[in-house]
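Please find one structure pasted underneath; my questions will follow.
We did not get these values from a lab; they are worked out from the coordinates using the rules stated. None of these values were measured; they are calculated from a predicted model. All Cβ positions, even for glycine, are placed from backbone atoms using ideal geometry, and neighbour counts span all protein chains on display.
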There are 2 protein chains.
Amino acid sequence: MSKASVVTERVRAVRALMREQRLDGLIVRGTDRYLNEYVPAAESTRVWLTGFTGSAGDAFLTLERGWVAVDGRYTLQADDELAGTPFVPEHLPLGKSIGSAIADLMRAAAERGVRRVGYEPDRTSVKAFEALERAASAAGVELVPTLPSLVELARGPVKERALPLRPVDEASVGRSVAEKVALARGALEAAEVDAYAVVPLDALAYLTNLRGDDFPYQATFRGLGILTRERVLLAVDPERLAPEAREARADAIEWTGPKDWAEGLAGRVGFDPADTTCAVRDAIAAAGAEAVPMPSPLAPMKAKKTPAELEAMRRAFRAADAVVDGVVAWVHERLDAGERVSELDLANEVERRFLASGATGLSFRVIAAAGEHGAIIHYSTPDPERFLEPDELVLLDTGAYYAEGYATDLTRTFLAGSPARIPSARPEQRRMFTLVLKAAIAGMSARLPEGATGVQLDALVRAPLWAEGLDFRHGTGHGVGINVHEAPPRISTRGSDALEVGHVFSIEPGLYLPGQGGVRIENLCTVVPAEGAPGYLDVVPLTFAALDERLIDSDRLTARERRWLEGYRTERARGAASP
Amino acid sequence: MSKASVVTERVRAVRALMREQRLDGLIVRGTDRYLNEYVPAAESTRVWLTGFTGSAGDAFLTLERGWVAVDGRYTLQADDELAGTPFVPEHLPLGKSIGSAIADLMRAAAERGVRRVGYEPDRTSVKAFEALERAASAAGVELVPTLPSLVELARGPVKERALPLRPVDEASVGRSVAEKVALARGALEAAEVDAYAVVPLDALAYLTNLRGDDFPYQATFRGLGILTRERVLLAVDPERLAPEAREARADAIEWTGPKDWAEGLAGRVGFDPADTTCAVRDAIAAAGAEAVPMPSPLAPMKAKKTPAELEAMRRAFRAADAVVDGVVAWVHERLDAGERVSELDLANEVERRFLASGATGLSFRVIAAAGEHGAIIHYSTPDPERFLEPDELVLLDTGAYYAEGYATDLTRTFLAGSPARIPSARPEQRRMFTLVLKAAIAGMSARLPEGATGVQLDALVRAPLWAEGLDFRHGTGHGVGINVHEAPPRISTRGSDALEVGHVFSIEPGLYLPGQGGVRIENLCTVVPAEGAPGYLDVVPLTFAALDERLIDSDRLTARERRWLEGYRTERARGAASP
């Protein structure tokens, strides 16, 4: 049976369930029950129902038609994967959210008589639901929770991987679970709540000092936490952690088992509407407690790394620097020797070297883009037939996890072939690289007043590109922690959170010429108090992988930028010399 | 009778009226019935009642106590002017608004039993009232409109100045009233309103192509407009405009007289809650029409100057440049000759020269600050006893109106005494000035993508100061038009509006060292499409008054900044050479 007929068959089954429940519309989400950013295909109801495998995109199904709302990253892929199915892609204009596109589709359907629309309360955040509910109410539509999801009913259960959990050394992250509970207590008291529901899996891993391997490219595990003023109630099978490790944290973690977390909840229980599903909020209320919306007390704490965490991250970043430096040298050797290296070979070599250097896994799929592929910002499938050509630009974006389970994230763009064989780059390659380097330096050397936000840092990074009439259509940077993307902070035009000492984030400007190629330079950075300037903060780099010197046009750098680059090289040499 | 006893007497009279109306609290606003930014003392009920004359600050009076909420600009002045009165100053921490301070005072009073609080609906915007109403409702307080204001009842009427109106040449502003009405029609249709209430006086002057002299430092006149889809109903005494000018605009302006504007209103009438008083909204509703909140259709139109307006503004700015260049030379001559020049002498000379050059009036009170006075950001009272010393920095901030009634605004900081007598500046003076110049150049030479906002431009301007651990605690710039401050745009951390071609605004970074002195450089700029870079915008200066070359340390400038400065000097020489 063709893929399209499989989808048609599945749609038929789901529509039968819709009719049973008197629904004439259904919203099917691309995310999972943890609102994860990276959702394995097997976890996504939208992937199963529509066959569209992109990382973002929700579906809207009526009894007659179907749509999948996708952003500009997936224009071609959605057209391709949805061809022949009952779904048509709904392409979003830049700046429009998937949620508002679904709301528009629902409104339009309401004009054609759609009245009762199902949604997945276990895959929809309270905040997203509230926006949807406003649109529904204005359009005269009734939203009906479908728990379990009709798609899950039609599909049947999937098997969940549940490998043993890994406790992290509490000294190496600087805070015990008990200390984190104590630190959060003030926020719970201020919000007058007795407990707080911890839904995002990276927040749960952070709070419990545990890591897992339940999902590819993540160091987290399935579960849910209830943070009380005294301890964490952890809704995870206790058998997943070795008894001695469980014993060591018995003062701070009480294991409730995966299903029973809501039992016995009472009083006021806080939740963050942005990261908590309607299902969790409803379960709190059903248990007899009052569900109270509040900002997460863990997000800001998790963002501000302790000195021990910074040291653990530095170790991981240094290892990642060495992997990337090594793999670039490996490419040069292969090409100099006349051997062929495909994008997939390169990606595989990166993974091999990460694991050989002690990494527990990758933090995302390697982006290995040769030549014109470098212009595709979210190029994520290394091509086994695309071989690197000497003299062309290769864009390599990599990340992994080491023992403490903090993500690394590092992008380098280099000229394929060693300096002995390819002594110099073409002027246009040098110009692009040097402009991106100027932008990166503006970020990595920025001084800002306390209270400054990501949007201000974002403008400073883009300014050298703007001056040339150039820009890049993605954020300048994102927080990095247990997940490779965390917020706060956001270094982007939407970055309204203040930057703080101990934040760790990427600075990753780029330039992309469609059909020709791309340059991106990504370093991870942190924020320190500015020396000799009270009230000011300095951004400083934490990653020191080599920059391809053939691509740097010093004449385009200011004296200040040249000085900064000298310091970077010195620091890099010092790091390489240390054990 | 002392000033304090006068205030005590007035408070007694107002409290008697409060008792008559069973009010135990009263909010008295600093603004006037047009929500003007600059309110003559005679128009402010708060000035009359409290004796505090600062430009911003509201009062809250109970039957026992009284407060005036003031921001950091007025700490000393409020302490001084309120001493001995029934009022105490309520000093705001940085970032807190006067409105929220009044709400806090009201809440605290509610805890001591205050239940009915009067407010002035003819001096309170709908938006401000709504915030106040939320606070009142939470505190169990009933807000009671007092129309007329109890303060006006106690005070009796004041005489209003009503000089003849001046029609501006419609060719020199690029659009007739009929054209503006036609342009606004789309916004009225989109909001499904039949008419729109034009309350801000600069919007009314803009729409009607009329100017007035009803207030010091403004080119506006008292009145109110109802913009329909076909014409403007103007609530102003028609006798104020010469019959032939009235005749010339009879197609577009219907004179309704000052009092009768609401009569005959019907259908849906839009108003902007941010700039419309509760009294106007209530009058619309009382007339039987529906008052519909919407954003002003005039604000964005007024902000985007036509080519003809830009030409008129350029002419005015060129005249202002010559006045400031001339007055600086005059200072040098006087000081070189051993004569004394006080701050007040300097301010008077500026005004004399503006009027001699054809200005119709000043757009704000001259700021003439010698030495340490330059560190006081809102220094507004030139001291007749403070004489300029050779070798010290003088900060001069000036503005005026010319025929078309657009404000000029220009700040220069210079070393007192001619180069012949004072050939060079001290290193610290040069350092401060050059750093501010770098910031000003960053703004005046910025290239930004279309859609970029004031907050992004603000960050680029501050970055050279941040790099040195320095900053200034005011906005980077403001829109300029018929009022010397208009929005959009705002070049500040709150500047969320996009910059657009034709916007005219100031770039005015500064550095202030308390007790020592200050530097500010302010040029007006506009936005043009970037040549050769589609999708980008360039900021370019519109004012070219001289910069004191003794204060520029070229070694601190980048090659790019030096090139920009060369271009500025060339442009300046060309402007000076033209008639």
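What span do the alpha-carbon atoms of the protein assembly as shown cover on each of the three principal axes, reported in whole Å from largest to smallest?
In descending order, the Cα extents are 88, 71, 59 Å.
Give the nm distances, rounded to one decimal, from A:Gly156 to the matching residue in every other copy, measuring between label points 7 Å along Cα toward the beta carbon; shortest first.
Counterpart label points of A:Gly156 in the remaining copies fall at 9.5 nm.
So what is the relative contact order for segment A:50-200, in percent, with contacts set as C-alpha pairs under 8 Å and at least six apart?
Value for segment A:50-200: 15 percent.
Just to be sure I understand: chains A and B are related by a rotation, so which residue of A has its Cβ closest to that axis, and how close in Å?
Taking Cβ atoms only, the nearest residue and its distance are A:Ala459, 2.
Could you compute the FRET efficiency for B:Lys127 and B:Ala322, with r as their C-beta to C-beta distance and R0 at 41 Å, rounded to 0.05?
Working: r = 41 Å, r/R0 = 1.01.
It comes out at approximately 0.50.
Going by C-beta contacts inside 10 Å, put B:Glu239, B:Glu392, A:Glu508 in order with the fewest on the left.
B:Glu239, B:Glu392, A:Glu508
Indicate, rounded to the nearest 5 percent, the antiparallel portion of the DSSP beta bridges found entirely in the protein assembly as shown.
75 percent
Sticking with this one: How far, in nm to one decimal, is A:Pro534 from itself in the other copies if the label point is set 7 angstrom along Cα toward Cβ? Shortest first, please.
5.4
On to the next question. At 7 Å along Cα-to-Cβ for each site, give me the label-to-label distance between B:Ala285 and B:Leu147 in nm.
1.0 nm
Measure up A:Lys96/B:Lys304; B:Lys127/B:Lys302; B:Lys127/B:Lys180; A:Lys302/A:Lys438; A:Lys96/A:Lys159; B:Lys96/B:Lys127 against 28 Å on the Cα-Cα distance and list the ones that go over. Intermediate results must be reported in sequence, preceding the final value.
Working: A:Lys96/B:Lys304 26 Å; B:Lys127/B:Lys302 22 Å; B:Lys127/B:Lys180 26 Å; A:Lys302/A:Lys438 30 Å; A:Lys96/A:Lys159 35 Å; B:Lys96/B:Lys127 17 Å.
Exceeds cut-off: A:Lys302/A:Lys438; A:Lys96/A:Lys159.
Now for a different question. Taking the alpha-carbon centroid of each part, what is the distance from segment B:107-166 to segment A:65-121 in angstrom?
Comparing the Cα centres of segment B:107-166 and segment A:65-121, I get a distance of 49 Å.
Over chain A, what is the mean sequence separation of C-alpha contacts under 8 Å (at least six apart), divided by residue count, expressed as relative contact order in percent?
10 percent
What relative contact order, as a whole-number percentage, does segment A:406-510 give when Cα pairs under 8 Å and 6 or more residues apart are counted?
Values: 145 pairs, mean separation 33.7, N = 105.
Answer for segment A:406-510 is 32 percent.
Enumerate the calculated ³J(HN,Hα) couplings along segment B:371-386 in order (Karplus 6.51 cos²θ - 1.76 cosθ + 1.60, θ = phi - 60°), each rounded to whole Hz, writing x wherever the residue is Gly or Pro.
x, 4, 5, x, 7, 8, 4, 10, 5, 10, 10, x, 8, x, 9, 9
Per-residue counts of other Cβ atoms within 10 Å, averaged by peptide: what ranking do you get for B:363-369, B:528-534, highest first? Intermediate results must be reported in sequence, preceding the final value.
Values: B:363-369: 24.3, B:528-534: 12.3.
Highest mean packing first, the order is B:363-369, B:528-534.
Shielding of A:469-480 by partners, i.e. mean partner chain Cβ atoms within 10 Å per residue?
Per residue, the average neighbour count from other chains is 2.
Take A:Arg352 and A:Ala308, extend 7 Å from each Cα along the Cα→Cβ direction, and tell me the distance between the two endpoints in nm.
3.7 nm
Of B:Leu565, A:Leu82, A:Leu457, how do they rank once you tally other Cβ atoms within 10 Å and put the fewest first?
B:Leu565, A:Leu82, A:Leu457
Which of the aspartates and glutamates could a cross-linker span from A:Lys3 if the Cα-Cα distance has to be under 18 Å and same-chain partners fewer than 8 positions apart are dropped?
Within reach: A:Asp79, A:Asp80, A:Glu81.
Is there a simple number for the mean count of other chain Cβ atoms within 10 Å of the Cβ of residues in B:448-457, and what is it?
Counting Cβ atoms of other protein chains within 10 Å of each residue's Cβ and averaging gives 4.
While we're here: For B:His373, A:His91, what ranking results if the residue with the fewest other Cβ atoms within 10 Å of its Cβ goes first?
Sorted ascending by nearby Cβ count, the order is A:His91, B:His373.
Calculate the translational D of segment B:18-119 in whole µm² s⁻¹ from Stokes-Einstein, where the hydrodynamic radius comes from the Kirkwood formula applied to all Cα pairs, the temperature is 20 °C and the viscosity 1.002 mPa s.
156 µm²/s
Now, a different point. Considering only DSSP beta bridges with both partners in chain B, what is the antiparallel share in %, to the nearest 5?
Bridges in chain B that DSSP calls antiparallel: roughly 75 percent.
If you don't mind, there's one more thing I want to ask. Determine the calculated [θ] at 222 nm for chain B from helices alone, applying -39500 (n - 2.57) to every DSSP H run no shorter than 4 residues and normalising by the residue count; nearest 500 deg cm²/dmol.
-11000 deg cm²/dmol
Ordered shortest first, which distances in nm separate the 7 Å Cα→C-beta label point of A:Ala250 from those of the other copies?
9.9
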